[in-house]
Each structure stands twice: as structure tokens, then as C-alpha cells.
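Values in this text are rule-based calculations from the coordinates and carry no lab data. Values in this document were obtained by computation on a predicted structure and should not be read as measured data. FYI the Cβ positions are ideal-geometry reconstructions off the backbone, even for glycines, and counts take in every protein chain you see.
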Ligand code: PAF
């Protein structure tokens, strides 16, 4: 596996390749959710490149950029064992040199949900993904459904800016009790970790209500809220039911609908979601 730290070297490596190239952009601290993206990319492309870069521009001033978990050596080992062809690990100054002053701003869908709670977050995500796409020129890019809004923002950016890249969305990977895998789960102490299992229970409640014919968001949201609030360690940031395209709040669910949430458990902010659709529902038995 090639370990590449400079944009110049990454470009040289890329342009010597033939066949399809899959990129798995990550902020490192890899878990099984990331490895599912890697496996899917490896099964669909000639070459797979993973990036490890904790992108400072997608963190707000009071967010966890400094303490975001980093473990480069174990990430490299894991990627090497999985058979990834190259890992791109740029520094902040490589990606954002002095005088950097250009941003990719997707409007509309970035102003709700995560975008409303984390102003500037998606500008940072869209900018860094554009840079990675320009540097690596992938055939396909892989993102997890856990970051549902991020997926929609990247798809919109790729479509609006005519980028010739297929965005592949991979289902959320969950722990045995249903908690979505996330690098931020390492922040949870044992009692917070136990409390976190109610998040998926609330999503499953929404799915069961939907399956038995409930379509009123005013019934579904309070039922989910009650389950989450049964855990005193958890504070809800939002629980929302939106259309899974423009992310507008909806009163009556049409398929597919995005049911999403953000909560604080102690100081840790976690997100999760499920798509309710008449054809298939993103659930897994627990
Ligand atoms: O989902 C993430 O880990 C990040 O938002 C991404 C896509 C790697 C951009 O920094």
C-alpha cells in the first residue's frame, strides 16, 4: 500500500493508473463502518484509495476538532491488511495553504438539520470533498448512509458542478445493540454507551409505526422522543422527519422519508437516521 502525503505525489500516482478508481474519504480513526465502504469500493473498482484527513474547516469553533480521535498508525495497518492500494494523508497546510480563500457552498439543503445546528459544517465538507475529487479524480466515491445529509449535499454538489463521479451510498453499520458505528463513540463512558442504545430503539419505533400504517409525523416524532428521553443522560438536539431529497420537514410521510436525529450524550454529539420507504426499510434486527 502506498502512503502518500503530498498532492503532487497523489496526482502522479493517480495518473499512472488505468481502470476505475474508488475513493473512500475519511477522517481516520477507522471502524467497521469505514471498512464496509472500503470493501464495497474494492469490489467495484480496480484501485481503491482511502484518505485520512481530519478536516479543520468542517468543525465549528466550539466543536471537537482538537480532541477528535486520531490513530494514524492503526488506520494505516488496518487499510494495509484490507488490501487498499493507497492511502492519502495530507497535512492541513497541504490542503489549506496560507492564503486559501475558495469555498464550495451548496445552498438550500445545507441550512436545515445538521446545517442549522452546525453553521459552516457543510461548506467545509463540500470544499474538502471537491479538493479530494480534484486531486484524485475518482470514478466513484463512497459515503455512509449514517451521514444522510452529507450524502445529499455531496450528490447535489457533484450534480450541480457537473463532476463526473458516481456517489455510492453504503448502509449504516451498527453495533450489536444497534448503535451506529461512529468515530465519536470512543468518547462515551460506559454508562453513556449503554444509554446510547435507545437511539436505534427510537428509529425502530418509527419504522414499526410506519410499517403499521402511521404516516403522521406528529405521532412518530413524540413516540421517538419519549424513548430517547427515557435516558436521562441524553439531550435531544433534534428529531426530524423530512423528505429524503430537499430535506423539508414533512407532516405526512411519503416514501422515501428520512427520519433523523442528533443528540448529546454528555458532551458527545451523535447523529443517526433511518429511511422509511414502501419498498425497503434500512433496519437490521437487534
Ligand atoms: O464523513 C466524514 O468522515 C467527513 O465528513 C468527510 C466526508 C471525510 C469529509 O471530511
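Listing for the model above:
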quantity	calculated
FRET E, pair residue 264, residue 66, Förster distance 25 Å, beta-carbon r, rounded to 0.05	0.85
Against the rule of thumb 2.2 N^0.38 Å, how large the Cα Rg of region 27-155 comes out	1.06
Residues 101, 85 arranged by fewest to most Cβ contacts within 10 Å	101, 85
Least to most buried among 44, 251, 231 (fewest other Cβ within 10 Å first)	251, 44, 231
Projected label distance in nm at residue 243 and residue 107, using a 7 Å step from Cα toward the beta-carbon	1.9
Region 149-276 shape via C-alpha gyration tensor axes, a/c threshold 1.5	oblate
Selected from 219, 148, 36 as most flexible by GNM, with the chain as the system and alpha-carbon contacts under 10 Å	219
Approximate spin-label separation residue 184-residue 11, in nm, with each point projected 7 Å along Cα-to-Cβ	3.5
Residue 208-residue 116 FRET efficiency (beta carbon distance; Förster radius 30 Å; 0.05 resolution)	0.60
Of every Cα-Cα pair in region 96-192, the percent that sits beyond 21 Å	43
Virtual spin-label span in nm between residue 251 and residue 44, 7 Å along Cα→Cβ	3.8
Fewest-first sequence of 41, 102 by Cβ atoms within 10 Å of each Cβ	102, 41
Computed over region 1-64: relative contact order in percent, which uses C-alpha pairs under 8 Å that are six or more apart	36
Principal-axis tilt of helix 121-136 within the chain, Cα atoms, nearest 10 degrees	30
Acute angle (nearest 10 degrees) that the helix 72-82 long axis makes with the longest principal axis of the chain, alpha-carbon atoms	90
Interatomic Cα distance distribution for the chain, bins of 5 angstrom, percent	1, 5, 12, 16, 18, 17, 13, 9, 5, 2, 1, 0
Antiparallel bridges, percent of DSSP beta bridges restricted to the chain (to nearest 5)	50
Region 48-102, Rg to Rh (Cα coordinates; Rh as Kirkwood inverse mean 1/r)	1.03
Longest to shortest principal axis, alpha-carbon extents of region 1-58, angstrom	29, 27, 19
Sequence-separation-based contact order of the chain, relative, with Cα cut under 8 Å and 6+ spacing, percent	17
Folded to 0 to 90 degrees: helix 32-44 orientation relative to the chain principal axis, Cα	60
Sum of -39500 (n - 2.57) over DSSP H runs of 4+, divided by residues of the chain (222 nm, nearest 500)	-11000 deg cm²/dmol
Theoretical gain in end-to-end length, residue 176 to residue 3 [0.36 nm per residue, Cα-Cα removed]	59.0 nm
